[in-house]
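Working notes for the structure below.
The values are calculated or read from the model by the stated rules, or taken from the named source; none is laboratory data. Since the structure is predicted, the reported quantities are computational estimates derived from the model, not experimental observations. Ideal geometry is used to build each Cβ from the backbone, glycine not excepted, and the neighbour counts take in all protein chains shown.
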């Protein structure tokens, strides 16, 4: 006689997985639009491009949220980590000049806890909808023995659509083009291994013993830019764009520039958030390491023509998106990104 509960005894609870799907299904369905032909439930998800495009190009991206997950687990707060996941892929796609269209997520857990899984996925769904993406599929896997108790991992794959002639490319950039910086909401999802080292967060109790305001700041989700910036791309007001993630300004901004040009940025042209001052002071982190590890208050940098600057800033204001004039594009200097003025550290 076979044991019908053999898989459950091995550590995998199929019924809990089914309950998790039921709890998240409504929020996921809210991200659907007319382009979604089939979503969660089948062996694959179908998304129609429609007939509005003349020469469509698909832009894809995949990412996770790194060790920020450890802080969400320590706080037992799972409703915003999904926004971090969405931000990493949606902002990358936007930086290519594509409109985020759909995404799939992957969630692996030590043990299926339906309410926690639903909280995570609902957070992903809310952020996906805010970025204009349909969450059309994914995978939730219960992997006993692979993850520590209460631990999980997240990953996303996303696709955006653009007209070929609409794509943002480094070769679009010229001398005297202007740099517009959009503020980050905080640390976003990069540099958390250094963050945990500086604040001595080597276990869950250590995080829970931090000041409550600091805990909130460290868990603040990644800013989503698609809603406010896509209209500028659509209007042809942006030449190139950089999403400021791991590697900071000094590694990400050069990816949006041709090799014969440099970005000249003025210190003091944007507000550096207090959390970065605190990290630098507590960790005695060098300026070079701060620039290489953190976004330091800038989540996205747009390159625009001087003649289109006023229109770009007006549209950002209309979309309630704060923006700062950072500097300009010059002939190649010693580095791809150079700073003028007095450095903050």
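General remarks:
- Test: residue in segment 140-162 that is farther than 27 Å from residue 247 by Cα, assigned to a strand (DSSP E or B) and in contact with a helix residue (DSSP H, G or I) (Cβ under 7 Å, 6 or more places away or on another chain): yes
- Scanning segment 112-124 turns up no residue that is in a strand (DSSP E or B) and either touching a residue at least 60 places away in the same chain (Cβ under 8 Å) or not assigned by TED's automatic domain parsing to the domain that holds residue 67 (or both).
- Residue match in segment 63-74 (condition: in contact (Cβ under 8 Å) with a residue 24 or more places away in the chain and over 21 Å from residue 191 (Cα atoms)): no
- Odd one out for residue 87 among (1) part of a helix (DSSP H, G or I); (2) over 26 Å from residue 186 (Cβ atoms): (2)
- Some residue of segment 38-47 being modelled with pLDDT of 85 or more and in a strand (DSSP E or B): yes
Conditions (1) crowded, with 19+ Cβ neighbours inside 10 Å; (2) in contact with a strand residue (DSSP E or B) (Cβ under 6 Å, 6 or more places away or on another chain); (3) outside the structural domain of residue 309 (by TED's automatic domain parsing), marked per residue:
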position: 207; (1), (2), (3): yes, no, yes
position: 238; (1), (2), (3): yes, yes, no
position: 241; (1), (2), (3): yes, yes, no
position: 248; (1), (2), (3): yes, no, no
position: 252; (1), (2), (3): yes, yes, no
position: 258; (1), (2), (3): no, no, no
position: 265; (1), (2), (3): yes, yes, no
position: 268; (1), (2), (3): no, no, no
position: 288; (1), (2), (3): no, no, no
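- Hits in segment 306-345 - residues which are closer than 22 Å to residue 186 by Cβ and assigned to a helix (DSSP H, G or I): 316
- On inspection, residue 303 passes the criterion of being in a strand (DSSP E or B), modelled with pLDDT of 95 or more and either closer than 14 Å to residue 168 by Cβ or out of contact with any strand residue (DSSP E or B) (no Cβ under 6 Å at 6 or more places or on another chain) (or both).
- Test: residue in segment 183-195 that is in a strand (DSSP E or B) and at pLDDT 95 or above: yes
- Selection status of residue 318, under 24 Å from the mean Cα position of the chain (by Cα) and in the same structural domain as residue 181 (by TED's automatic domain parsing): yes
Residues are listed down the side, and each one gets a yes or a no for (1) surrounded by fewer than 22 Cβ atoms within 10 Å (Cβ to Cβ); (2) under 11 Å from the mean Cα position of the chain (by Cα); (3) assigned by TED's automatic domain parsing to the domain that holds residue 131:
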position: 47; (1), (2), (3): yes, no, yes
position: 62; (1), (2), (3): yes, yes, yes
position: 70; (1), (2), (3): yes, no, yes
position: 76; (1), (2), (3): yes, no, yes
position: 86; (1), (2), (3): no, yes, yes
